[in-house]
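The values are calculated or read from the model by the stated rules, or taken from the named source; none is laboratory data. All of these numbers come straight from a predicted model, not from anything done at the bench. Positions of Cβ are generated from backbone atoms using ideal geometry, with glycine treated the same way; all protein chains shown enter the neighbour counts. For the accessible areas, the whole protein counts, side chains as well, though only heavy atoms, and no ligand, DNA or RNA atoms are used. Shrake-Rupley method; radii C 1.70, N 1.55, O 1.52, S 1.80 Å.
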Amino acid sequence: MTSTQSRSPPGRGLMVLLAVAVFAGAGTIHYQTPMLAAFAAEFDADAAAAGWVATLTFGGFLAGTIFFVPLGDRFDKRRVILAQLAVLIPALLAMAAAPSLAALAAAGLVVGATACFAQIVIPLAAEVAPPEKRGRVMGAILACLFLGILFGRMAGGLVASTLGWRWTYVGAAAMLLALVPALALWLPSTPSRTQLGYGRLLRSLAGYLRGNAALRRASTIQFLLGISYGGFWATVAPMLAMFHGFGPAKTGLMGIPGAAGILIAQPAGRWLDRRGAHPIVTAGAALVLAAFVVFGFAELWIGAAIAGAVLLDCGIRASLVANQTLVTSVAPEARSRFNTIFGAHVWGGNAAGAFLASTALAHSGWTAVCAIAVSASCLALILQWRSRGARPSP
């Protein structure tokens, strides 16, 4: 039984399954966010050392996006997704059992590399969705992705404060393990989109990046904004512990104001249809810049951290919806590879931001974290302004 028709549940049921898979996958790399201070306390490490867990997890996601997601164009996406889950679940259990901070970070690297299965589910959803409902389906899938990020941040803090941070990863592994039978039974098989060998498949990424100005611009802007985003979420836990005495549970609740982007995603999509991508990306970059101006007061007032988290998530999600729509409209026959290029820039920015911000916090304080993010978002805004009239947005 290999055909889409024989393997798949009814259309709505399949889309629900894909949405749940994206939700679960998105959470795996965000459980750590409110627990970094707990890692540092248990292993007697400073904020910079604990920050390596976030850096390597995001870096692993970047590596997986580059080296695994393109396989979705070459092979059956179903097989690639199930293979990644077969490694991801044991890696989560390895994080739960880590005897040292180094072992925890190493397991986080593997978790990040295999959690990118969600980035293969996204083009799979676009492929199997009825053309007349594709926009609606993709909106729902991305909303579940954002909800998964929120869930990861909140669950990480709440479970860590009640049962201990190790049980967070046990629960994550159990959730994915429960999902595997449904995915194995109902995920549709998909045809190969190219016969390129693996080496040529990866080399084609550079060709696409060189040959498409819109892809380069959108990816670079999202990389710069990712520095700001990754930097904040890699340092918010130690910052709140340092200045406001917050533990993992309270820090995890920061995911609530930080989920404002879920509410902005669909309006941004409708605005995109009417006005094009340029004003949405411009507004998103401006919101990220404003967020870190507000974060500058977070040492003194917790309300600044909450307000800044709202602005940051709205800005990131608005720019992401617009830029990803722009990128995926360029070459439908190479969706996985275009998603690879764009996603690599997004998560490369997150990883770079986590490293830079963790180091800055340890050596120069919170003001240095904000200065790095302001600089990156200003560069993104300048690049976006300069692109006006370069080519029409979709």
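State all residues of segment 84-109 that are in a helix (DSSP H, G or I) and open to solvent by 60 Å² or more (accessible area, probe 1.4 Å); if no residue qualifies, say none. Don't jump to the end; show me each part of the working.
Initial filter on segment 84-109 (in a helix (DSSP H, G or I)): 84-96, 101-109.
Within segment 84-109, A86, V87, P90, L93, A102, L109 qualify.
Identify all residues within segment 29-41 that are within 17 Å of S161 (Cα to Cα) and either in contact (Cβ under 8 Å) with a residue 12 or more places away in the chain or in contact with a strand residue (DSSP E or B) (Cβ under 7 Å, 6 or more places away or on another chain) (or both); write none if there are none.
Residues of segment 29-41 within 17 Å of S161 (Cα to Cα): 30-41.
Listed by number, the residues that qualify are H30, Y31, Q32, T33, P34, M35, L36, A37, A38, F39, A40.
For a quick check of your reading of the model, give me the residue pairs whose first member lies in segment 42-53 and is in a loop (DSSP other than H, G, I, E, B), whose second is surrounded by fewer than 19 Cβ atoms within 10 Å (Cβ to Cβ), with beta-carbon atoms closer than 6 Å and at least 6 apart or on different chains.
Listed by first residue and then by second, the contacts come to F43/L101; A45/L101; D46/A362.
Taking the options A368, A298, A351, name whichever one is closer than 24 Å to G51 by Cα and without any contact (Cβ under 8 Å) to a residue 24 or more places away in the chain. Please lay out each step first, then the result.
Details: A298 fails: without any contact (Cβ under 8 Å) to a residue 24 or more places away in the chain; A351 fails: without any contact (Cβ under 8 Å) to a residue 24 or more places away in the chain.
Checking each option against the conditions leaves just A368.
Scan (1) open to solvent by 30 Å² or more (accessible area, probe 1.4 Å); (2) of a type in the set (A, V, I, L, M, F, W, C); (3) in contact with a helix residue (DSSP H, G or I) (Cβ under 8 Å, 6 or more places away or on another chain) for the single condition M35 breaks and write down its number.
With respect to (1) open to solvent by 30 Å² or more (accessible area, probe 1.4 Å); (2) of a type in the set (A, V, I, L, M, F, W, C); (3) in contact with a helix residue (DSSP H, G or I) (Cβ under 8 Å, 6 or more places away or on another chain), M35 is out only on (1).
Please give the number of the condition Y229 fails out of (1) open to solvent by less than 50 Å² (accessible area, probe 1.4 Å); (2) without any contact (Cβ under 8 Å) to a residue 40 or more places away in the chain; (3) closer than 15 Å to L379 by Cα.
Every condition holds for Y229 apart from (2).
Find the residue count for segment 279-300, including only residues that are assigned to a loop (DSSP other than H, G, I, E, B), over 15 Å from S228 (Cβ atoms) and at pLDDT below 90. Break it down stepwise before answering.
Residues of segment 279-300 assigned to a loop (DSSP other than H, G, I, E, B): 296-300.
Next, only the ones that are over 15 Å from S228 (Cβ atoms) stay: 297, 299-300.
Checking the rest, the ones that are also at pLDDT below 90 come to 299-300.
So the count comes out to 2.
Counting only residues that are under 19 Å from A54 (Cβ atoms), give me the helices (runs of 4 or more DSSP H) lying completely in segment 197-267 with at least 1 of them. Even if it seems obvious, please write down each step before you answer.
Working: elements: 198-211, 213-244, 248-252.
Here the list reads 213-244, 248-252.
Out of segment 150-208, which residues are at pLDDT below 85, open to solvent by less than 30 Å² (accessible area, probe 1.4 Å) and over 30 Å from Q32 (Cβ atoms)?
Those that are at pLDDT below 85, open to solvent by less than 30 Å² (accessible area, probe 1.4 Å) and over 30 Å from Q32 (Cβ atoms): T190, T194.
Taking the options V137, V180, V159, name whichever one is within 17 Å of L18 (Cα to Cα) and over 21 Å from the mean Cα position of the chain (by Cα).
On the way: V137 fails: over 21 Å from the mean Cα position of the chain (by Cα); V159 fails: within 17 Å of L18 (Cα to Cα).
So the residue among V137, V180, V159 that is within 17 Å of L18 (Cα to Cα) and over 21 Å from the mean Cα position of the chain (by Cα) is V180.
May I ask you to list the residues in segment 187-226 that are polar (S, T, N, Q) and over 23 Å from L381 (Cβ atoms)?
Passing the criteria: S189, T190, S192, T194, Q195, S204.
Restricting segment 5-32 to residues that are modelled with pLDDT under 90 and among the polar types (S, T, N, Q), which is most open to solvent (accessible area, probe 1.4 Å)?
Here the answer is Q5.
Could we say that A360 is modelled with pLDDT of 85 or more and outside any loop (DSSP other than H, G, I, E, B) here?
Numbers: modelled with pLDDT of 85 or more: yes; outside any loop (DSSP other than H, G, I, E, B): yes.
For A360, the condition - modelled with pLDDT of 85 or more and outside any loop (DSSP other than H, G, I, E, B) - is met.
When segment 321-336 is examined, which residues are found to be open to solvent by 10 Å² or more (accessible area, probe 1.4 Å) and either at pLDDT 85 or above or among the hydroxyl-bearing types (S, T, Y) (or both)?
T325, T328, S329
I'd like to know if segment 131-148 contains one or more residues that are within 24 Å of G247 (Cα to Cα), modelled with pLDDT of 85 or more and open to solvent by less than 50 Å² (accessible area, probe 1.4 Å).
So far as segment 131-148 goes, yes, one or more of its residues are within 24 Å of G247 (Cα to Cα), modelled with pLDDT of 85 or more and open to solvent by less than 50 Å² (accessible area, probe 1.4 Å).
Could you list, in sequence order, all residues of segment 270-282 that are buried (at least 18 other Cβ atoms within 10 Å of the Cβ) and over 20 Å from the mean Cα position of the chain (by Cα)?
Quick first cut of segment 270-282, residues buried (at least 18 other Cβ atoms within 10 Å of the Cβ) only: 271-272, 277-278, 280-282.
Listed by number, the residues that qualify are W271, L272, A277, H278, T282.
I'd like the residue in segment 304-318 that is under 13 Å from M254 (Cα atoms) and of a type in the set (V, I, T) and, out of all such residues, is most open to solvent (accessible area, probe 1.4 Å).
Applying the filter and picking the extreme gives I306.
Looking at segment 57-82 only, could you name the residues that are over 19 Å from A26 (Cβ atoms) and open to solvent by 10 Å² or more (accessible area, probe 1.4 Å)? Give the derivation first.
Quick first cut of segment 57-82, residues over 19 Å from A26 (Cβ atoms) only: 67, 70-71, 73-76, 78-79.
Listed by number, the residues that qualify are F67, L71, R74, F75, D76, R78, R79.
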